[in-house]
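Everything below concerns the one structure shown next.
The values are calculated or read from the model by the stated rules, or taken from the named source; none is laboratory data. Worth saying up front: this structure is predicted, and the values here are computed from it rather than measured. All Cβ positions, even for glycine, are placed from backbone atoms using ideal geometry, and neighbour counts span all protein chains on display.
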């Protein structure tokens, strides 16, 4: 998620504002310390212009 966010030129705070969470939530998701709800996953994907598969289920070569 961090790479997709950076590719869009967004800060953690900007992404958080777009999806209605705190910056700390974005940090926790990026670090793998928090599993977002499906609704939040969809909102993040929309904000970043990527699909759920692209963001949360990368191909074997991307893991």
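Taken together, the residues in the stretch 25-41 that are surrounded by 14 or more Cβ atoms within 10 Å (Cβ to Cβ) and either closer than 18 Å to residue 6 by Cα or modelled with pLDDT under 90 (or both) amount to 7.
Mind checking whether some residue in the stretch 40-50 is at negative phi, over 10 Å from the mean Cα position of the chain (by Cα) and free of Cβ contacts under 8 Å to residues at least 24 places away in the same chain? Checked against the condition, which is being at negative phi, over 10 Å from the mean Cα position of the chain (by Cα) and free of Cβ contacts under 8 Å to residues at least 24 places away in the same chain, the stretch 40-50 yields no hits at all.
Residues that are out of contact with any helix residue (DSSP H, G or I) (no Cβ under 7 Å at 6 or more places or on another chain) and not in a loop (DSSP other than H, G, I, E, B) within the stretch 1-41 comprise 3, 6, 7, 14, 17, 24, 28, 29, 31, 38, 39, listed in sequence order.
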